[in-house]
Amino acid sequence: MINAPEIKVEEDERDSAPGRITAIESRHNAPLAALIRLVSAEYGLTADKGFSVADPSLDRLSEVYRQNGAGYWVLEDDVGGVLGGAGLGPMAGYDGVCELQKMYLAASARGMGLGRGLALHVLQQASLRGYRYCYLETTALLPEALALYQKLGFAPCERLGNTGHNDCEITLMLPLS
């Protein structure tokens, strides 16, 4: 489905890995917005520089991602707490291209493969929705995210459209198939 390395997960690893991925609901809005603000502050991604923490829709993502061709998924712990999330939306003016959006993980959820699993889930959903390419914008201020995207097969590309995230100086694309 996607042009990315296959993940080999041993049965015992799958059972012990914390978290489950679920479609966003309104109950996720406040904790997800708080998480995005916390992680953004942790990495110095300030609103005045055009990072997604400045998006006016941050407190109502469940509504934003109801649009046709979009989706957002939340990584929850075993009691429903928000560990992270990632979404996709259509790239205006670019048929067959979606954008990977607002991928954030709590510090406690990093380094366990959960981000990779979440990203692969979103990429699979993009493919199921008929997208042929996935575009993203990121910054060198997020070295762990950049490394993940590169491992998944994302490669540098030209900037597409005007997402409003001007300080995201790195633009990447992944063919989906």
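Derivation of every value follows stated rules applied to the coordinates shown; laboratory data play no part. Because the structure is predicted, anything quoted here is derived from the model rather than measured. Positions of Cβ are backbone-derived with ideal geometry, glycine not excepted, and every protein chain shown enters the neighbour counts.
For segment 48-127, what does the equivalent ellipsoid look like in terms of its semi-axes, each the square root of 5 times an eigenvalue of the Cα gyration tensor, given largest first in whole Å?
Values for segment 48-127, descending: 22, 16, 12 Å.
What is the set of long-range amide H partners of Met103 at a cut-off below 5 Å, with H atoms built 1.01 Å from backbone N?
When sequence neighbours closer than 5 places are left aside, the close amide H contacts are Gly87.
List the residues whose amide H sits under 5 Å from the amide H of Gly84, counting only those 5 or more places along or on another chain, with H placed 1.01 Å from N in the peptide plane.
For Gly84, the qualifying residues are Leu75, Ala106.
Would you mind counting up the charge near Gly115? Only other residues with Cβ under 11 Å from its Cβ, with Lys and Arg at +1 and Asp and Glu at -1.
Residues close to Gly115 contribute a combined charge of +2.
Ala92 versus Leu146, label points 7 Å from Cα toward the beta carbon: distance in nm?
Each label point is offset 7 Å from its Cα along the Cβ direction, giving 2.8 nm.
Under 14 Å from the Cβ of Ile24, count the other residues' Cβ atoms, weight Lys and Arg +1, Asp and Glu -1, and hand me the total. Write down the numbers at each step before the final one.
Details: positive: Arg20, Arg27, Arg60, Arg66, Lys102; negative: Glu25, Asp59, Glu63, Glu76.
With Lys, Arg at +1 and Asp, Glu at -1, the net is +1.
Relative contact order (percent) for segment 39-160, with alpha-carbon contacts under 8 angstrom and 6 or more residues of separation?
Contact order relative to length: 19 percent.
Using amide H atoms built 1.01 Å from N in the peptide plane, name the residues 5+ places from Tyr65, or on other chains, whose amide H lies under 5 Å from its own.
Correct list: empty.
Using the Cα atoms of segment 78-125, I'd like the radius of gyration and the largest Cα-Cα distance, Dmax, both in angstrom.
Spelled out, the Cα radius of gyration and Dmax of segment 78-125 are 12.7, 40 Å.
What GluC sites (Glu not before Pro) in segment 74-149 are in a loop by DSSP, with at most 16 other Cβ atoms within 10 Å of the Cβ?
Answer in residue order: no site qualifies.
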